[in-house]
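A short reminder: the numbers here are calculations on the coordinates, not readings from a lab. Every value quoted in this text rests on a predicted model; they were computed, and no experiment measured them. Cβ placement follows ideal geometry from the backbone for every residue including glycine, while neighbour counts extend to all protein chains displayed.
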Ligand SMILES: Cc1ncc(COP(=O)(O)O)c(C=O)c1O
């Protein structure tokens, strides 16, 4: 770990690390991850990179790539849609990976199937385009959903379903449960009703209660639990909670490969879906002149065309890597580092006592994950442009994320924007960009700065970020390009 801090003030770093270990004794049980960082993820320190965008994408261990490359260089794999030897070799490994996905999430194969998709968004689209919304059905979702969950409202509305957003409430950006339960009571169990929420918000890091799943199902709702931001650093145990649809992206869990996600779905919930088309691989038979087709059962009916058969074995390699490291160890480590980061950032004050940062979301590690979103303010309360912050961070080789993170609802809440404020911007004949929108709102809307921690994060990473924050103290708020 020290190699990455060689350019830092060693004494200050040592004191901070000592203080951190004292404040977070649970970190001691996660020290094996420092060794892993120094070997499997050493490219970060070799290049002096501080990577703080794990909610954007996870990082792969070198051994994952090596194992995958060995597999590819020592075997011959053909398209799995045949029964020749090379095709069967692909099928065997891909099915083995599919079983392992269920095993990893402790999902009974009697209850669940794992459908391979391109990413979480395409898993969400599979549900949205096929969910039997009709007039009388309801689609309820929290404000802090990712746009790929928001997008399902277009399918719901087009089929006459009522769409209801449950607001998040500042400053913690949690849900007012009374509002949620009012909505759940409104659902008529005679219709198909779908509740969608993130197990962890990719905006605020808030972890919404998983107990909502059973509560909603007891009232006749189906539940879509977006696990994309949750699964990389938390245990998702599908024997304890049983959402109907779980979308996720594997690159967020372990970096390699990109281009594969999954929809893990209850078999009964899958049978409810009506696919709007058929494709190669999804049918038992189809006919041109007979003008008909039969959709295949379970996952086969949902995997359009040829699956990503060379990369799917790398999903098993990645999941086995996470299992070997231990998701609970990863979780513990990320929470210790997040706790320290939050405390340090909130304590940063300009000389006149004004706070440097405003955190959007919970200030403690209770009911949250390792995603922290903030804005920076000068000593007069002037906002630092998030794009300027990103430029400064880039210059320090710190990879963070800025903007609204495909999560506009949470952004609207932090900026106290109402439907009346926003609706006029969505009737333009010409497309508007995010930058144009920010300009047009003339200071009433802004993006934010997000840092997110993961498997390979060290104390030195968060220390360097806090040091970067400290360098902003007593600087006047900068416009972009200043
Ligand atoms: C909570 C959440 N849901 C869905 C997605 C979409 O994932 P993908 O872009 O891999 O489809 C993301 C991506 O950041 C996310 O954080």
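For a Förster distance of 45 Å, can you work out the FRET efficiency between the beta-carbons of residue 88 and residue 35, rounded to the nearest 0.05? Can you show the working numbers first?
Working: r = 39 Å, r/R0 = 0.88.
So the FRET efficiency works out to roughly 0.70.
Apply 1/(1 + (r/R0)^6) to the Cβ-Cβ distance of residue 323 and residue 471, taking R0 = 45 Å, and write down the FRET efficiency to the nearest 0.05. Once rounded, the FRET efficiency stands at 0.70.
Mean sequence separation of contacting Cα pairs (under 8 Å, at least six apart), scaled by the length of the chain, corresponds to a relative contact order of 21 percent.
Please state the equivalent ellipsoid semi-axes for the stretch 54-125: what are the square roots of 5 times the Cα gyration tensor eigenvalues, largest first, in whole Å? All intermediate terms of the calculation are to be shown ahead of the outcome.
Working: eigenvalues 105, 78, 34 Å².
After diagonalising the Cα gyration tensor, the semi-axes are 23, 20, 13 Å.
Neighbour counts of C-beta atoms inside 10 Å place 350, 75 in the sequence 75, 350, starting with the fewest. Using a ≥ b ≥ c from the Cα gyration tensor of the chain (square roots of the eigenvalues), is it rounded, prolate or oblate, where a/c under 1.5 gives rounded and otherwise the larger of a/b and b/c decides, a/b for prolate? Because a/c hits 1.5 or more and a/b fails to exceed b/c, the chain counts as oblate.
Counted by neighbouring Cβ atoms within 10 Å, the residues 469, 404 run from fewest to most as 469, 404. Counting only alpha carbon atoms, the long axis of helix 177-186 and the longest principal axis of the chain meet at about 20°. Measuring nothing but how far apart in sequence close Cα pairs (under 8 Å, 6+ apart) lie, relative to its length, the stretch 355-482 scores a relative contact order of 38 percent. Taking 7 Å steps out from each Cα toward its Cβ at residue 268 and residue 436 produces label points 4.9 nm apart.
The stretch 438-482 and the stretch 10-59 have their alpha-carbon centroids 20 Å apart. Taking Cα atoms only, the orientation of helix 459-470 departs from the longest principal axis of the chain by about 60 degrees. Summary of packing: across the peptides 14-23, 377-386, the per-residue average of other C-beta atoms within 10 Å ranks them, highest first, as 377-386, 14-23. How high is the relative contact order of the stretch 182-313, in percent, counting Cα pairs under 8 Å that sit 6 or more residues apart? Dividing the mean separation by the residue count of the stretch 182-313 yields 16 percent. Distance from the alpha carbon centroid of the stretch 163-181 to that of the stretch 242-256 works out to 24 angstrom. Report, to the nearest 10°, how far helix 85-104 tilts away from the longest principal axis of the Cα atoms in the chain, using its own Cα long axis and a range of 0 to 90°. Once rounded, one gets 60 degrees.
Ordered by the count of other Cβ atoms within 10 Å of each Cβ, fewest first, 53, 46 give 46, 53.
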